[in-house]
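Everything below concerns the one structure shown next.
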Amino acid sequence: MVHNLYIHIIVMAVVTYLIRMLPLVLLKKEITSPFVRSFLYYVPFACLAAMTFPAIIYAPDLLVAGIAGFAVALVLSYLEQSLIVVALAACAAVFVAERLTSLF
Amino acid sequence: MNRTHFKEGFRDGIPIGLGYFAVSFTFGMMAVAGGMKIGPAVLISATNLTSAGQFAGLDIIFGDGTYWEMVLTQLIINLRYSLMSFSLAQKLDDGGNPFHRFAVAFGVTDEIFGVSAARPGRLSPYYNYGAMSIAIPGWVLGTLCGAISGNLLPAMIMSALSVAIYGMFLAIIIPPAKSDRTVLAVVLAAMLGSSAFYYVPLLRRVSSGMVIIIVTILVAGVAAYVKPIEDTAG
C-alpha cells in the first residue's frame, strides 16, 4: 500500500468530527425565521423515517423476518411503548420469524 | 438535575449500545478479514463512531485510495450529521459553556440524534453524555470482539439485533405522528422517498448517506413551507 493507514484513519476521524462539530458550535444563535424553525422541527421525523424504511426490512438475513420485525415495531410504537421495549420486541420478532422459517 | 439527565440518557442509550455492538461486530470482522490488524480496526471505531462512513473508509483503505478520496467519501456519507448538528444546535442548552458543544458533537450519530431530538424542550448535554457513555463502549467493544473472534455471536443473534435501532426510530417517530397529521405526512413521505431511491433503478446508484440528505431536506422543506409550525419556545 502506498498510502499510510494511520493518515487515512486521521483523515476519516477529522472530517467526520468537523461535519458534526461546526454546525453545533457556529450556529448557536437562536434562529427566528419561521421557515427555518419549522424546517428544523420536521428534520428529525423526515430523517429517522428515511433511515428506517426500507432499511429495516432488509437488515436481517431473511426478508420475512425483516417484515415481521417492522410490523411488531410499528404496532408497539403505535401503542407508545418505550424505546427499549420496541427495540427488543422487534429483535425477538426477527429471531422467531427466522427460526420458524428454518423449520420448513 | 445533571444526574437525572445523564441517567435518562444512559437508559435510552442501552438499546443503542446493543444495536451498535452487533453492527460494529461486523465491522471488526470485515476489517480483519481484509487484512487489517485488530488495533487500527478498534482505533477507527473509537475515533469515528459512524457505521456507513467506516465501512466505506475500509473500502478505500483496502483499495489503496487517496486521502482526498477519503475526505470526499466521508463528507458525502456523513454530511447528514451536519443537518442533525444544525438541528441540535438550536435545542442544546450549553449553560454558557461552549465546551459542551464540542463534546456533544463527537456523539452525533443517527441514533443518539434520534433520542436527543425527541427530548421535550431544551436538551441537556448530560443527556447526550449518558447516551454516549454506553453507546461508545458498545461500538468499540463490538469492533474489538468482531476483530478478535470473527465468530463470537451466532449469525442468528446478529441478524435479530440488526433491527434494534430501527425499532427505536419507530418508537420515536410514530407516537407524535398519531396526534399531528403533518408529522404523519412527513414520516410517510420520507419512507416513500427513501423507498423510491431503493427500488427505482437509476436512483439506486445514489449512496445511502446522500439519500438521507436529499429526502430529509426535500420532505422537511416542503412540510415547513406548507405547514409552518406555530411558534413554540424550543
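Read the figures in this text as sums done on the coordinates, not as results from a lab. As the structure is a computational prediction, the values presented were derived from the model and not from experiment. Cβ atoms come from the backbone with ideal geometry, glycine included; neighbour counts cover every protein chain shown.
What the Cβ-Cβ distance of residue A:104 and residue B:62 gives, at R0 = 41 Å and to the nearest 0.05, is a FRET efficiency of 0.60. Rounded to the nearest Hz, the phi-derived 3J(HN,Hα) couplings of region B:46-51 under the Karplus curve 6.51 cos²θ - 1.76 cosθ + 1.60 (θ = phi - 60°) are 5, 9, 10, 6, 8, 6, where x marks glycine and proline.
Taken over the C-alpha atoms, region A:33-102 has Rg and Dmax values of 15.0, 55 angstrom.
Give the average, rounded to an integer, of partner chain Cβ atoms located within 10 angstrom of each Cβ in B:175-187. Let's see the in-between values first.
Values: counts 5, 2, 4, 3, 0, 1, 0, 4, 6, 1, 2, 8, 8.
Partner-chain Cβ atoms within 10 Å, mean over residues of B:175-187: 3.
Spin-label model, residue B:188 to residue A:62: label points 7 Å out along the Cα-to-beta-carbon direction sit 3.1 nm apart. Could you work out the Kirkwood radius for the protein assembly as shown, taking every pair of different alpha carbons, averaging 1/r and inverting it, reported in Å? Every distinct Cα pair counted, the radius reaches 20.2 Å. Computed from backbone phi, the HN-Hα couplings of region B:126-139 come to 5, 4, 5, 4, x, 5, 5, 5, 10, 5, 5, x, x, 5 Hz, rounded to whole numbers (Karplus: 6.51 cos²θ - 1.76 cosθ + 1.60, θ = phi - 60°; Gly and Pro given as x).
Please arrange A:43, B:140 by counting, for each residue, the other beta carbons lying within 10 Å of its beta carbon, fewest first.
Starting with the residue having the fewest Cβ neighbours, the order is B:140, A:43.
Note on residue B:93 and residue B:210: with the Förster distance fixed at 41 Å, the Cβ-Cβ geometry gives a FRET efficiency of about 0.80. Look at the stretch A:55-68: the mean tally of other chain Cβ atoms within 10 Å of its residues' Cβ atoms is 4.
Sorting the segments B:94-103, B:214-223 by their mean number of nearby beta carbons within 10 angstrom, highest to lowest, gives B:214-223, B:94-103.
For B:41-51, what's the mean count of beta carbons from other chains sitting within 10 Å of each residue's beta carbon?
Working: counts 1, 0, 5, 5, 0, 2, 7, 7, 4, 5, 0.
Per residue, the average neighbour count from other chains is 3.
Of all lysines in the structure, those lying under 16 Å Cα to Cα from residue A:28, and not within fewer than 8 positions of it along the same chain, are B:91.
Largest first, the three principal axis extents of the alpha carbons in region B:114-234 are 53, 44, 23 Å in whole numbers. Across region B:180-234 the C-alpha pair distances fall into 5 Å bins from zero in the proportions 4, 19, 25, 20, 14, 10, 5, 3, 1 percent.
Our estimate of slack between residue A:71 and residue A:32, defined as 0.36 nm per intervening residue step minus the Cα-Cα distance, is 10.1 nm.
Using just the helices of chain A, give the 222 nm mean residue ellipticity in deg cm²/dmol: DSSP H runs with n ≥ 4 each add -39,500 (n - 2.57), and the total is spread over all residues, rounded to 500.
Mean residue ellipticity at 222 nm (helix-derived): -26000 deg cm²/dmol.
Within straight-line reach of residue B:227, meaning a Cα separation under 16 Å, sit the following aspartates and glutamates at least 8 residues removed in sequence or on another chain: B:180.
Put simply, the C-alpha atoms of chain B give a gyration tensor, and the ellipsoid matching it has half-axes of 30, 23, 18 Å, longest first. Packing around the peptides A:63-72, B:65-74, taken as the average count of other Cβ atoms within 10 Å per residue, puts them in this order, highest first: A:63-72, B:65-74.
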